[in-house]
1. If we scan region B:265-272, do we find a residue that is more than 23 Å from B:VAL123 (Cβ to Cβ), within 15 Å of the ligand (Cβ to nearest atom), in contact (Cβ under 8 Å) with a residue 12 or more places away in the chain and away from chain A (no Cβ under 14 Å)?
2. On the given criteria, is B:GLY136 open to solvent by less than 40 Å² (accessible area, probe 1.4 Å), in a loop (DSSP other than H, G, I, E, B) and under 26 Å from B:ALA78 (Cβ atoms)?
3. Within region B:287-310, count every residue that is over 13 Å from the mean Cα position of the chain (by Cα) and within 16 Å of the ligand (Cβ to nearest atom).
4. Just one of B:VAL114, B:VAL123 is within 16 Å of the ligand (Cβ to nearest atom), assigned by the TED database to the domain that holds B:GLY147, crowded, with 21+ Cβ neighbours inside 10 Å and closer than 19 Å to B:ALA179 by Cα; which is it?
5. Right, B:PRO35: more than 24 Å from the chain's Cα centre (by Cα), closer than 30 Å to B:ASP327 by Cβ and at pLDDT 95 or above or not?
6. Out of region B:17-47, which residues are surrounded by fewer than 17 Cβ atoms within 10 Å (Cβ to Cβ) and in contact with a Phe, Trp or Tyr (Cβ under 8 Å, 6 or more places away or on another chain)?
7. Looking at B:VAL274, B:VAL266, B:VAL307, which one is among the β-branched types (Val, Ile, Thr), out of contact with any Asp or Glu (no Cβ under 9 Å at 6 or more places or on another chain) and on the phi < 0 side of the Ramachandran plot?
8. Just for helices (runs of 4 or more DSSP H) wholly inside region B:1-61: which have at least 3 residues that are hydroxyl-bearing (Ser, Thr, Tyr)?
Amino acid sequence: MLLKQLSVFLENKPGRITQVTKALDEIGVNITAFNIADTSEFGILRMIVDNIDTALQALKAQGFSVRTTQVVGLVVPHQPGGMYQALEHVDKAGIEIEYMYAFAYNSKAAVIIKADDTQKLVEVLSGSGYHVLQEGELIQD
Amino acid sequence: MIWNEHAECMDREQLLKLQNERLRNMVSRLYYNVPFYRKKFQEAGIDPGDITGIHQLKDLPTTTKQDLRDNYPFGLFAVPQSEIVRLHASSGTTGKPTVGGYTRADLRTWSEVVARSLYAAGVDKNDVVHVSYGYGLFTGGLGIHQGAQKIGATVIPASGGNTKKQLQIMHDFGSTVLACTPSYALYLADTMKELGMDPSELKLRRGIFGAEPWTEEMRREIEAKLHLKALDIYGLTEVIGPGVAMECEHQKGLHIFEDHFIPEIVDPNTLQPVPHGQVGELLFTTVTKEGMPLLRYRTRDLTTMTVEKCACGRTLARLNKFLGRSDDMLIIRGVNVFPSQIESVLLEMSETEPHYQLIVDRVNNLDILEIRVEVNEAFFSDEIRQMENLAKKIKANIESVLGISAKIKLVEPKTIERSEGKAKRVIDLRKLVD
Ligand SMILES: [Zn+2]
């Protein structure tokens, strides 16, 4: 029930993000979700892609510092309070969220969540009736 | 084992007396026999009779490699050429070689300190000493050879080159001691592996390695691959050759044979002694040398010194790890900074690679030091907080070693140029204009 995310360490210098996306384009990998966390000195690019193994190899071959992280993809009901209710379950279970970012999924809203206990996060959300994305669901036809 | 207990375990007060007496004698020899030094003394307004002991060394002129070049080849000799019985020279990478001239007494002193070095390494007359240092103008081969002969060991003057043949000889002649550069020791080990030879087929038990800087990591590698105990020997052609200082079996620094070579650790700028235990440039005054005695010779090697008595019983001061060259020193906000200090901090941290670059700039009359550090791929985290904590940790560790704060910039692995050229380690953007 967990998704694999690619994380790339990037120095803040012009053109680095373009180079990553170009490398993925060259091997025909599609990016489903994308987020950049940055400080004044460096950034971390996080992505959900459709072919993570190929992407990982290609980026490593080009000298990027890449790693994979397990995250949870949650489909959020697109209505007022939808996000709040989901997070309330997470809080109650005592799970700490490290970061999250949103993306569009088949005209629905979805978020990627990285938590201190990702396994427990999946259990809590599925147990509360939420749609937790599986790897295969993200590969578009 | 101690070759010369009287000299090596002497009470330090007694040693000081001996050093003072020898220095007085040396100063007068320099003044009366070497025009170069006489001129220096006169310029500094020092009368040789004013010098009573080594506490005054700090006021005396220093000698640099450039002085040796300027007086090439024999200008610094203190005896007529008829007294010189041997010449050696180190091949300078730039310009002229550095020459060393030895009298009979100098050769005796040299064999004596090498004999002491071999005993310190646990080598005696029962050993078969395989000398793979080059023989010739280079001091390595003949230097170790004479000392090994003095202690009565069986000496194999193998010299450098023809590695397969060397291995064959080591095997057939039962060599127990290998003397060579640490990098050649590793090369020998790799060749053995290629030939399918197991180190247990050899009888090697000690290695006397020197003539180039090496790390603890290299020591462990050599010891594991050759099944011997690897010991560090230090020396310079200018001072005498190998045997100026030698590690004992406790491997806790290199004992300096202070009755012959008086060490000083000084600030490379002021040439004044640094507080005890601090890093500085190593200087040697060769109080007993006749052929080419040198006063406060600047080795450019950076290190620290310990004077506590060693577990081996020797009272001689010990040199600790060499930290680099004073030529690389930077002065930032008035503080001496050696790139090697930063390297050692990074080497101790598993999260970083020892690849770094220092960028010094001056903004509003204040020196700014930025250190670019490569992040170890294995420790790269996808959480900003952890990466920032890593930067903070590096900053704190550097600050505690250097005493000044630096800006830490984490950079992608393999982005700092790998060349050994020192220019790339340091980029100094300061423009010292009014
Ligand atoms: Zn010792």
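The values are calculated or read from the model by the stated rules, or taken from the named source; none is laboratory data. Here the structure is a predicted model, which is why all the values come from computation and not from measurement. All Cβ positions, glycine included, derive from the backbone under ideal geometry; neighbour counts span all protein chains shown. When the accessible area is computed, the model is the full protein with side chains, heavy atoms only, and any ligands, DNA or RNA have been set aside. Shrake-Rupley method; radii C 1.70, N 1.55, O 1.52, S 1.80 Å.
1. Scanning region B:265-272 turns up no residue that is more than 23 Å from B:VAL123 (Cβ to Cβ), within 15 Å of the ligand (Cβ to nearest atom), in contact (Cβ under 8 Å) with a residue 12 or more places away in the chain and away from chain A (no Cβ under 14 Å).
2. Yes: the conditions hold for B:GLY136.
3. 5
4. Only one candidate passes the filter, namely B:VAL123.
5. Details: more than 24 Å from the chain's Cα centre (by Cα): yes; closer than 30 Å to B:ASP327 by Cβ: yes; at pLDDT 95 or above: yes.
Yes, satisfied.
6. B:ARG38, B:ASP47
7. Values: B:VAL274 fails: out of contact with any Asp or Glu (no Cβ under 9 Å at 6 or more places or on another chain); B:VAL266 fails: out of contact with any Asp or Glu (no Cβ under 9 Å at 6 or more places or on another chain).
Among B:VAL274, B:VAL266, B:VAL307, only B:VAL307 is among the β-branched types (Val, Ile, Thr), out of contact with any Asp or Glu (no Cβ under 9 Å at 6 or more places or on another chain) and on the phi < 0 side of the Ramachandran plot.
8. It comes to B:12-33.
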